[in-house]
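For reference, the structure is listed below as structure tokens.
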Amino acid sequence: MGLKIIKWQQQEQASFKAVLQGSSLEPWKDDFFSLMQQGHAIVQQHGDAWRWQEAWQKQPQCPVEYVEFNHDVVCIGTKKHINTEENDALHSALHALHPWRKGPFSLFGINIDTEWHSDWKWARIAPHITPLMGRTVLDVGCGSGYHLWRMLGAGAKLAVGIDPTVLFAMQFEAIKRYQREAAAFFLPVGIESLLQNTKAFDTVFSMGILYHRHSPMDHLMQLFSLLRGKGELVLETLYIDGDAQQCLLPSGRYANMRNVWFIPSIAMLKTMLHRAGFHGIHVVHAGITSINEQRSTDWMHFKSLENFLADGDPSCTCEGYPAPRRVVLLAKG
Ligand SMILES: C[S@@+](CC[C@H](N)C(=O)[O-])C[C@H]1O[C@@H](n2cnc3c(N)ncnc32)[C@H](O)[C@@H]1O
């Protein structure tokens, strides 16, 4: 591994340390800082790390003349086009970080058309949440960090993302290297590594995570413990139609995913949030996941949702379960 990425990680650690000072996370600054250090060490140990880091190091140093975090496509660029050599170098460096699942991004004119239209999710959520202006926010399972940029675009003072998937950490750093001063930070660790009871975040986002957790009640209770009093939880997750006693525990895969454990009804989700301590629980959106929102692209050329629905019956997964539906609930800590 080259020196540059180590230096970059050290710079990120120093910036994070400076931002923690004076933030609502200050009482736990040493813990958050050491989580970033641990996460960076994990990134370096991953079997594919050398390949991703080599790609990262080959990204050209393009001058940034505009950024746009308030539109569907998270965009960083120059007023004029970068030259062909730079374009080719950036294109191949970014392609080395395949598969790109969460986005879209545009980097110096290169459009990263990700598997997910994460902008559609944000458009369903953003109009309903307490405005993020000046808030310290946590995005649990932030993927490539697409939503962290949208949170900054919506005025968040500090946006912290956590996600244990090393490739996603590298995708975030591929963008962040052109936005060094931005108050968006990625900790490459899982939620289980976070301290309990910090009660430090104004808004906590858990989007697309609950059904991946073995113990969904523990997940909600941990989210509650991270949120300051009267702070807001944004919970986005899969649901099934049914009453307060109904949930789906797939016997094996669900829509080809191995790691789906627990898909409750909306009524059950409300009970779970209530029992975890939340109040003011309400639904702001619910609906079926479209094959236009999650699909294969040039930047994610594996199979996608369309391939994991039943042949001739898109209302069922290929395993015979109800096709994915997603709900957004808001709740107060
Ligand atoms: C379905 S994706 C959701 C990504 C994003 N939040 C969104 O809504 O588009 C689930 C994410 O959870 C991450 N993840 C898996 N285990 C996790 C854990 N223990 N703690 C935090 N995130 C986790 C995965 O790496 C993945 O990026």
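The values are calculated or read from the model by the stated rules, or taken from the named source; none is laboratory data. Quick caveat: nothing in here was measured; it's all calculated off a predicted structure. Note that each Cβ is placed from the backbone with ideal geometry, even for glycine, and that neighbours are counted across all protein chains shown. Remember, those area values only see protein heavy atoms, side chains included, never the ligands or the DNA or RNA. Shrake-Rupley method; radii C 1.70, N 1.55, O 1.52, S 1.80 Å.
The charge dipole of segment 51-203, taken about its Cα centre with unit charges on the Cβ of Lys, Arg, Asp and Glu (plus for the first two, minus for the last two), comes to roughly 320 debye.
Which one of Ala310, Ile288, Gly208 is farthest out on the positive end of the charge dipole of the chain, using unit charges on Cβ (Lys, Arg +1; Asp, Glu -1) and the Cα centre as origin? Of the options given, the answer is Gly208.
Less than 5 angstrom separates the built amide H of Cys316 from those of Ala310, Ala323, all sequence-distant by 5 or more or on a different chain. Extending 7 Å from the Cα toward the beta-carbon at both Asp241 and Gln21 defines two label points whose distance is 5.8 nm.
When the chain is fully extended, how far beyond the present Cα-Cα distance does Ser251 get from Lys199, taking 0.36 nm per residue of separation? Display every interim value, and only then the final one.
Values: separation 52, 0.36 × 52 = 18.72 nm, distance 3.59 nm.
Fully extending the segment from Ser251 to Lys199 adds 15.1 nm.
This model, with +1 at the C-beta of Lys and Arg and -1 at the C-beta of Asp and Glu, gives segment 149-272 a dipole about its Cα centre of some 280 debye. Taken one residue at a time, the phi angles of segment 16-29 give Karplus couplings (6.51, -1.76, 1.60, θ = phi - 60°) of 5, 4, 5, 6, 4, 4, x, 8, 5, 8, 3, x, 10, 4 Hz. Gly and Pro are set to x. For the Cα trace of segment 71-126, dividing Rg by the Kirkwood Rh returns an Rg/Rh value of 1.03.
Only four residue types carry charge here, +1 at the Cβ of Lys and Arg and -1 at the Cβ of Asp and Glu. Report the dipole size of segment 3-332 about the Cα centre in Debye, rounded to the nearest 20. Provide the component values of the computation, followed by the final result.
Numbers: 31 positive and 32 negative charges, 150 e Å.
About 720 debye.
Positive end of the dipole of the chain (Cβ unit charges, origin at the Cα centre): among Trp8, Trp50, Cys62, the Cα lying farthest that way belongs to Trp8. Think of segment 3-332 as a dipole: +1 on every Lys or Arg Cβ, -1 on every Asp or Glu Cβ, centred on the Cα centre; then among Gln245, Ala89, Trp120, Gln245 lies furthest on the positive end.
Backbone phi angles across segment 136-152, fed through the Karplus curve with coefficients 6.51, -1.76 and 1.60 (θ = phi - 60°), yield HN-Hα couplings of 9, 10, 10, 10, 7, x, 7, x, 5, x, 3, 5, 4, 5, 5, 5, 4 Hz in residue order; Gly and Pro are listed as x. Computed over segment 269-333, the convex hull of the alpha-carbon atoms projects to a mean area of 6.2 nm².
Work out how much length Ile288 to Ala310 would gain on full extension: take 0.36 nm times their residue separation and subtract the Cα-Cα distance, in nm to one decimal. If you can, show how the numbers build up before the last one.
Working: separation 22, 0.36 × 22 = 7.92 nm, distance 1.50 nm.
Difference between extended and current length: 6.4 nm.
Extents of segment 211-321, largest first, come to 45, 33, 25 Å (Cα atoms, principal axes, whole angstrom). Enter the accessible area per residue of segment 184-333 (Å², integer; probe 1.4 Å; all protein chains in place). Heavy-atom SASA per residue in segment 184-333 reads 44 Å².
Run the helix sum for the chain: -39,500 (n - 2.57) per DSSP H stretch of 4+ residues, divided by residue count, reported at 222 nm to the nearest 500 deg cm²/dmol. Please report the intermediate quantities before stating the final value.
Working: 9 runs with 105 residues, N = 333.
-9500 deg cm²/dmol, from helical runs alone.
Mind checking which aspartates and glutamates have their Cα closer than 16 Å to the Cα of Lys157? Skip sequence neighbours fewer than 8 apart in that chain. Hits, sequence-local ones excluded: Glu26, Asp139, Glu181, Asp202, Glu232. When the solvent-accessible area of the chain is split by element, carbon and sulfur atoms take up 51 percent of it, the probe being 1.4 Å. Centroid-to-centroid, using Cα positions, segment 125-184 and segment 232-258 are 25 Å apart.
Here the scattering of the chain is modelled by Debye summation over its C-alpha atoms, one equal scatterer each and no solvent; at q = 0.06 Å⁻¹ the log10 of I(q)/I(0) is -0.20.
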